[in-house]
Each structure stands twice: as structure tokens, then as C-alpha cells.
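Notes follow once the structure below has been shown.
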Amino acid sequence: MRSPLLHVLWVACMASAAALAPPESTKGFFIDPAPPSSPPKVVFVTREFAAGQPHLLSWKMRVEGTRAWRFRARFAGISISLFDSKGVPISVLSRHTHCYQTASEQDAWMLVDIPAGTARLEAAFSIVNPEPLPGRFWVGDFKLNAWGATPRIPTGMAALTLVTTLDDGTPTPARLSIRDGNGNPVSPPDTFSFGKGRFGFHISSPRLNYFFLAPGTYQVNAMKGFEHAPAHKTVKLAEGGQATLQLILRRSMDLSKSGWYPGDHHVHLFRHAGSIYPFINLDDVYNIAQGEGLAYVGFMGEDQVAPSARLRETPGFLGWFMSELTRDLWGHLCPIGLFEWPRMERHGDLWPMSTDWMDAAEKAGGAIAYAHPYGRMNDETLAKVLSDPGTGHAARELPVAAALGKRFTIDMITEEGFGSDHGVKLRDYFRLLNLGFRLGASGATDYHVDQGRQPVGAMRTYVRAQRLALPSVAQAYREGRTFATNGPLLLLTVNKAQPGDAIKLNAGDSIDCAVEAFSHWGIGNVTIWYNGEAVEKWSAPSGSTIRARHRFKVPRSGWILAIAKGPAAGDLVQQPEDAAATRGGQFAITSPVYVEVPGHPLPPQKEAAQYFIRWTDAARLGFEAGGGSALPPALREQVLSRFDRARSVFEEKAR
């Protein structure tokens, strides 16, 4: 059997030898799975190009199929072969996709550098696999256009070139948006647009930075995360005219100087149907992430990544690949800082439990973030969701893992889904902290970038790390040196300690809390919480910054954190979990600073402990209803023993 690379080279040679040409058709072509011995289908042949220049090849594409064929194909995608005047192959470019179903016909494109001496270009598609696969492609409407430094403006149009730079003039990727005179978003072709253009778009290559627009007046915006001030300019375009705009993204706060780095640890491609970008890949995801101002991205799949490409380290950016653990019984987990799991006996969703994965992650120097832990859960549905194994996404094991001494972060800002209640999650987080468990706060999108709904990093985690390297980032998650946000930047110090730190005091000592909250879209208020009680609140209904201090006496051990809120803004994702998530505005929460007062522990939390006893009992019912009796007896006994131990911890705390 040929490898995919050898197959691609063979494709080029066979195409040259046989002088293949696509069949005449105006309806496009179906590409069906075929064994490695079958030649690919050549669907586009042309000699009409300017050799020595880059060209944009674009086409329409529909992918049909079921999830079963996502990763089974040895190669599924396009091969572009370039030949000289004698038919000798010059080079072959290829691009693989794991898209298994698109939402109708979608745009696809590749920027092709055509070297001097090229006389013919051929584009071929294939789905290569020895066994039949339940899927296929439809492709058609191919176009090849020169894409040089000087745009060739179509009749009746104008050209707009956009250049985004930092303060010092260094080019930088950014999220762009263009709105016409009526305020409607314009999504140029061959760009990755989010929210149907409402949030703007990203370009897939710095060279694809000009667009053809109808004559008129346009509002052009650029933004790069939460630390750079958005840039705005207005431009008037005349027919046949060309304009160039430089949008300077000036940094208002540089948290990296204080060791804080923003990231999104939960990003996907092609996990679900409905893709609108069938040929987006991991490089595109990382480029988009940097345009969103992220310093790191944890790619949780579902695209295949070679072992050599699982870690991406470039100046100012860190990316890694490790699949999300998606067990609907125990909860979904995002691993951070490791690439391989140890061999463990596995029995579907039943075993291992989350605690086993957490132990393995910590042993490897990694960390765990609980993804969308409150899917479909609120006060009315909680018991039913926990006891019904057919309800996925809920983190049934979360308080059990906490009671057994595991350390992890909880995604306090994330895409939970219909029926979740952010207020309930926040209350329960406070309850866990009040029971003495040290758990950090995190935020992530769980976005499938191929579906173009909302931007990467719309909800993100800032980590306080010694440096931007995977072991340091994982350690920050493990120790809760984090804050989560969908817009506000929020810094907290307690006697110079920061989130994740612990300080020792005597009973009655005074502490000095300092907060700084900032948002380009405005800050409404900031609250300091001590052991679940609001001890101070500052408002700034028309400002962008709150800097404040509060000094108070600490009678006992506990925890202190800060929460910032702000008004809704069109550039930001306002409702990450549904209408009740953050009540339609900006939200940021720090992990706690822990206060240790010897001889003066946290006050009893009987109500909180009884609540988690009920949770543990309901989760145990869910395990039994989900087939717990089918586990080997020794493993089933371990599961039940963990429930018993966790329940005993909560019973002790309920006294």
C-alpha cells in the first residue's frame, strides 16, 4: 500500500503521462472513496495563469457522509500538480480534510505559488482507503485568479487593502470587520467569517489582504483580543478605485509583563456536521487564535495531527494537540500539558473515572480543566440530569473528585448549552470553596472553528506562568493561578499575593485587597468576595477602568476572589451559555487567593455539604443506571468505594 505522500506523487506522474482532463460538466463532480490503486479524479486543468506569481484557487464544495468516516480515509482532499511545458511534474501541493459533512455547498480555497516555468496546473480530488467509506465530496465552480501585490479590479467594483499593525508598525494578524453604509456586515469571500459576519472575519494568509467591494462608504474595524484597543476607520470607495487602510492596534495593557498569558484550552475542528469551512486546518486555527490576541491554544481535536506537530512553539505563541476526554457519564475533561495517556483498562464511559485521568495528568506534569460542567443543569433539573445517564456533558463526578483531593479548574465561562444556569454554577463553585476545596476558575469556548459561529478565545483563561511554555502553563492551571473572562481584564492582589497563592495570617489581622479591572467596552462594577460574602463593591457605570483597594480584618481561614461585570458589546460574545449565562454582558472571575489562619478554620457549611451529598447520591444512581453492574466486579467496587469516600467527606463537613 502506498503512503498518502507517495500516492500524491504518483497522482502527478500518472496525470502527466495520461494527459488527463476533466470531463465537460457544468454541474460539478462527485468524488467517491476508492482504493489506493485508483487514480484520483482530475477536475480542473488550466494553462491560463501568470507563472511566477501567486494565484488563488477557489471552488464550491459539498461533503456528504456520516461521522463514521472522519478519520478512516488515508487521504481525503485535493492535490494540485504543476507541470512544465514538457509535461514533467514540477511540484505537487496537497491538502487533507477530516470534514465529514457540510451545511450545503460551501466555499473552499487555496493560495498557490506558481513557480516560473510552469505551463499547466491540474487539480485532482481523491478519497483514498482500501475499504468502502460512508461519505463523498461534490466539487465544482473552479476559479484561478492571480493574486499579486496590485489588485486587478473587476468592472463596477473597487479594491480595499487592509494592513493591521502593532504600535511600532510590525504587521500582526487581527480580527477584521467591514460594514456598509447601512451598518450591515460585509463578509469577503475566501475569509473565515464568524457569526455570519457579525463578529467579523480573519484572512487565511497575510497576502489575502485586499477585497473587492461595491462603491460606497464603509466602516472598517480591527481588534486583537482584550488588551489592544480596537481600531476604527471610515473609507469611501469609488468605482475602479483602490484604497489602503492601516489599522494600528495599540496595546492598552500588556499583562505578559506581569506573567499573565491569555488562551483558550478547548478548540475543535470537524467534530460535528454543519461545517462551512471544509478545508480549514490547524494552521488556520492557530493564525486565527493569534489574530484574537491569544498566547496559547489547546486544540482538543478532532483533526489528525502527526506526533511531530503536536506542539507548536513560536515567539509569543504556544499551541498543542491533545484530544478532549468526552465521557458523557463522568464529564468532559480538557487535558493540558501532556500528549499521551498511560495504558489503563477501559470500559466505555464507565471506567476509568475522571479521578484516574486527573492522577495520570498530574503524574505527567499536566493539568485538567472541567469542560462545560453544568450542561443542562439548573436547580430544577439537577437531580434528574445527574441520575439519568442519557443526559450528556454534565460533570457528575466533579464534587466527588474534589472530595477525593483532586485539583482542577472549572470552566466558569463557557458554552454550556440550553438549560444551564450560570448563577447555579457560580453558587456551587462558592460552596465547594467554602468546603475547603482549592479549585481554580477557567474559561474556554469549546468552539468548532469550521462552523464559524463565534470566534476562538471569546471566552478565555489568563494564566500566571513563569514563561510561555507548556509545562509552566499546565502548572498554572494545576495551581489555580488563573482568571477567566469574556472581555474584562481583572487583576487581584491580597497582601501582594495573587490568585492561586496562599497566605498565612493571625486571627483578626487586616489584609489589603487591590483590584484593577479594565475593558475597552466599559466596566460596570467589581466585587470582592470573602468566603462567599461580598465585602466590597465598586461601580464605574460610564468608565473603562476601576482601580481600588479595600482593607478589612480576617477572622478565619478561607478564600478571596474578585468578579468584574460590564455592559454588553457587539464585538464580544455576550451569552456564552444561553440567555441566563452572564445576563447579557461582560463577566470575569479570578481564582481565589487562600487565607490560612491557624486554629480558625472555615465556618461549618452544613447546607453546602448536604447539597453535595444529594449530588453524590444522584450521580451514583446515574452510574448504576448507565450499566455499572456490567463493570468487572473489582472495578465496580472501586467506583462505589469512591462514592462512599466522597459521601463520608461531605457527611463530616455537614456536622
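The values are calculated or read from the model by the stated rules, or taken from the named source; none is laboratory data. What you are looking at is a predicted structure, and each value in this text was computed from that prediction instead of being measured. As a convention, Cβ positions derive from the backbone with ideal geometry for all residues, glycine included, and neighbour counts pool all protein chains shown.
Only one of SER275, SER256, SER308, SER252 is farther than 25 Å from ALA158 by Cα and buried (at least 22 other Cβ atoms within 10 Å of the Cβ). Can you tell me which?
SER275
Is it true that LYS196 is of a type in the set (Lys, Arg) and not in a strand (DSSP E or B)? If you could, list the steps in order and put the result at the bottom.
Details: of a type in the set (Lys, Arg): yes; not in a strand (DSSP E or B): yes.
The answer is yes for LYS196.
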Could you check how many residues of segment 91-107 are in a loop (DSSP other than H, G, I, E, B) and farther than 21 Å from PRO189 by Cα?
2
Taking segment 33-63 and the residues there that are surrounded by 14 or more Cβ atoms within 10 Å (Cβ to Cβ) and touching a Lys or Arg at 6+ places or on another chain (Cβ under 6 Å), the one that is nearest to ASN145 (Cα to Cα) would be SER58
Kindly evaluate PHE201 against the criterion of being within 18 Å of ASP107 (Cβ to Cβ) and touching a His at 6+ places or on another chain (Cβ under 6 Å).
no
So which residues in segment 308-329 are over 24 Å from THR164 (Cβ atoms) and not in a loop (DSSP other than H, G, I, E, B)?
SER308, ALA309, LEU311, TRP320, PHE321, LEU325, THR326, ARG327
Scope segment 494-526; condition free of Cβ contacts under 8 Å to residues at least 40 places away in the same chain and more than 28 Å from the chain's Cα centre (by Cα); matching residues
ASN495, LYS496, ASP512, ALA514
Limited to segment 281-307, what total is found for residues that are in a loop (DSSP other than H, G, I, E, B) and at pLDDT 95 or above?
4
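Can you tell me which residue among SER591, SER641 is modelled with pLDDT of 95 or more and out of contact with any strand residue (DSSP E or B) (no Cβ under 6 Å at 6 or more places or on another chain)?
Numbers: SER591 fails: out of contact with any strand residue (DSSP E or B) (no Cβ under 6 Å at 6 or more places or on another chain).
Testing whether each residue is modelled with pLDDT of 95 or more and out of contact with any strand residue (DSSP E or B) (no Cβ under 6 Å at 6 or more places or on another chain) leaves just SER641.
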Taking GLY263, is it at pLDDT 95 or above and assigned to a loop (DSSP other than H, G, I, E, B)?
no
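Please verify whether GLY522 is within 18 Å of SER258 (Cβ to Cβ), among the small types (Gly, Ala, Ser) and buried (at least 17 other Cβ atoms within 10 Å of the Cβ), treating the condition exactly as stated.
No: the conditions fail for GLY522.
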From the options GLU227, GLU239, residue that is among the acidic types (Asp, Glu), in contact with a Pro (Cβ under 9 Å, 6 or more places away or on another chain), surrounded by 17 or more Cβ atoms within 10 Å (Cβ to Cβ) and not assigned by TED's automatic domain parsing to the domain that holds ALA441:
GLU227
ALA619 passes all but one of the listed conditions (1) at pLDDT below 95; (2) closer than 30 Å to LEU329 by Cα; the exception is number (1)
Within segment 330-340, the count of residues that are part of a loop (DSSP other than H, G, I, E, B) and either under 23 Å from ALA394 (Cα atoms) or touching a Gly at 6+ places or on another chain (Cβ under 8 Å) (or both) comes to 3
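GLU416 - would you say it is modelled with pLDDT under 95, within 23 Å of the chain's Cα centre (by Cα) and outside any helix (DSSP H, G or I)?
yes
Matching residues to (1) closer than 30 Å to ARG642 by Cβ; (2) among the acidic types (Asp, Glu); (3) surrounded by fewer than 24 Cβ atoms within 10 Å (Cβ to Cβ); (4) modelled with pLDDT under 95:
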{"position": "LYS553", "(1), (2), (3), (4)": "no, no, yes, no"}
{"position": "ALA564", "(1), (2), (3), (4)": "no, no, no, no"}
{"position": "ARG583", "(1), (2), (3), (4)": "no, no, yes, yes"}
{"position": "ALA609", "(1), (2), (3), (4)": "yes, no, yes, no"}
{"position": "ILE613", "(1), (2), (3), (4)": "yes, no, yes, no"}
Could you tell me whether ALA402 is closer than 19 Å to TYR477 by Cβ and within 25 Å of the chain's Cα centre (by Cα)?
no
Name the pairs whose Cβ atoms lie under 8 Å apart, with the first residue in segment 148-161 and more than 12 Å from LEU208 (Cα to Cα), the second at pLDDT 95 or above and of a type in the set (D, E, K, R), and 6 or more positions between them or separate chains?
GLY156/GLU239; MET157/GLU239; ALA158/GLU239
If you go through segment 91-104, how many residues are surrounded by 18 or more Cβ atoms within 10 Å (Cβ to Cβ) and either over 34 Å from the mean Cα position of the chain (by Cα) or under 12 Å from MET61 (Cβ atoms) (or both)?
4
Test: residue in segment 403-410 that is aliphatic (A, V, I, L, M), modelled with pLDDT of 95 or more, within 22 Å of HIS268 (Cβ to Cβ) and buried (at least 22 other Cβ atoms within 10 Å of the Cβ):
yes
Restricting attention to segment 330-343, which residues are aliphatic (A, V, I, L, M) and at pLDDT below 95?
LEU338
From ALA441, ALA458, ALA517, which residue is at pLDDT 95 or above, part of a strand (DSSP E or B) and under 17 Å from GLY225 (Cα atoms)?
ALA517
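Please enumerate the residues belonging to segment 425-450 that are under 22 Å from VAL593 (Cα atoms) and aliphatic (A, V, I, L, M).
Within segment 425-450, LEU426, LEU432, LEU433, LEU435, LEU439, ALA441, ALA444 qualify.
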Selection from segment 144-167 of residues in the same structural domain as VAL235 (by TED's automatic domain parsing) and of a type in the set (D, E, K, R) yields ASP167
What's the number of the condition ARG72 fails, among (1) closer than 30 Å to GLY301 by Cβ; (2) in a strand (DSSP E or B)?
(2)
Among the residues of segment 373-395, which ones are under 20 Å from LEU433 (Cβ atoms) and not hydroxyl-bearing (Ser, Thr, Tyr)?
PRO373, MET377, ASP379, LEU382, ALA395
